[in-house]
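The next block holds one structure in the form of structure tokens; read it before the comments.
The values are calculated or read from the model by the stated rules, or taken from the named source; none is laboratory data. Owing to the predicted nature of the structure, the values given are computational and were not obtained by experimental measurement. Every residue, glycine among them, receives a Cβ derived from its backbone with ideal geometry; neighbour counts consider all protein chains shown.
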Amino acid sequence: MLTSIKTVETGTREEILKHLSKNEYFEHDSDNNTLLHYACLAGNLNAVKVLLEAGFYVNANNVDGHTPICDAAANGSVEIIKALINGGANVNPPAYWGSPLMYAVKNGHYDAMTILVDAGADINACDRLGFCPIHISVRNRFYKGVEYLLMAGADPNKCCKLTTALHIAAELLDLKMVRLLLLHGAYASPVDSHGRRPIDLVEKDTPLYQLLNAFTGKSLLCFY
């Protein structure tokens with residue numbers, strides 16, 4: 001399969017067609033990744049188009065439930081994402097480590113995010129660890145991504161093990177992110193698994209503390 005992988009990663013349309021005519025179309029590796037997975041990961045649009053035309057299953061999943069569109073989202077291949085969606089790709093596959101949107105967010109691919117959301121990606125879907133796109137984008141200080149997710153309807157109060165995006169931003173001492181979350185409806189005083197509110201994570205008499213204090217009211221325990 002190594003020759004097939006190399007061909008779909010770097011080959012031209014003609015080279016790929018020639019190779020496929022002489023080899024087994026539907027090969028997969030030990031993790032059940034198909035050639036379409038590899039073409040998407042490599043960002044080879046020509047290969048993706050050829051494989052889709054040849055009948056490769058657009059929603060083929062590997063052992064982690066990871067489908068080709070997850071790979072395309074991970075490297076921000078906008079045209080490939082569009083081709084996969086046009087070919088019937090599910091933008092919300094049951095992948096173990098998160099949705100295509102999560103992969104786009106993790107790698108800071110704004111354009112890929114917008115295409116996926118427009119195609120119906122669930123902006124509040126969590127991975128197996130409980131993280132949602134809003135948590136990851138805040139953790140990575142992906143301000144443009146955070147603002148887009150919030151404007152698109154992401155829940156700023158979604159919890160991961162009782163930790164909200166505001167807890168994460170406060171722990172990072174990120175004044176800009178805290179302000180952004182608060183202005184989009186984040187509760188100022190949810191309580192995490194250690195009984196801490198976001199304001200408890202910052203030093204007193206700082207601009208960040210003053211901002212949180214201005215919004216802080218009754219403590220709220222996060223149950224979801």
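Provide a single number: the residues in the stretch 123-156 that are surrounded by fewer than 18 Cβ atoms within 10 Å (Cβ to Cβ) and of a type in the set (S, T, N, Q).
Counting residues in the stretch 123-156 that are surrounded by fewer than 18 Cβ atoms within 10 Å (Cβ to Cβ) and of a type in the set (S, T, N, Q) gives 2.
Please work out which residue is farthest from Leu116 (Cα to Cα), limiting yourself to the stretch 45-77 and to residues that are among the β-branched types (Val, Ile, Thr) and part of a helix (DSSP H, G or I).
So in the stretch 45-77, the residues among the β-branched types (Val, Ile, Thr) come out as 48, 50, 58, 63, 67, 69.
Cutting the leftovers down to part of a helix (DSSP H, G or I) gives us 48, 50, 69.
Values: Val48: 18, Val50: 22, Ile69: 10 Å.
Among residues in the stretch 45-77 that are among the β-branched types (Val, Ile, Thr) and part of a helix (DSSP H, G or I), the one farthest from Leu116 (Cα to Cα) is Val50.
Among the candidates Gly87, Gly76, which residue alone is in contact with a His (Cβ under 7 Å, 6 or more places away or on another chain) and of a type in the set (Gly, Ala, Ser)?
Only one candidate qualifies: Gly76.
Condition test on Ser77, is it crowded, with 19+ Cβ neighbours inside 10 Å, modelled with pLDDT of 95 or more and of a type in the set (Ser, Thr, Tyr)?
Numbers: crowded, with 19+ Cβ neighbours inside 10 Å: yes; modelled with pLDDT of 95 or more: yes; of a type in the set (Ser, Thr, Tyr): yes.
Taking the combined requirement at face value, the residue satisfies it.
Among the numbered conditions (1) surrounded by 21 or more Cβ atoms within 10 Å (Cβ to Cβ); (2) part of a helix (DSSP H, G or I); (3) not hydrophobic (A, V, I, L, M, F, W, C), tell me where Lys82 comes up short.
(1)
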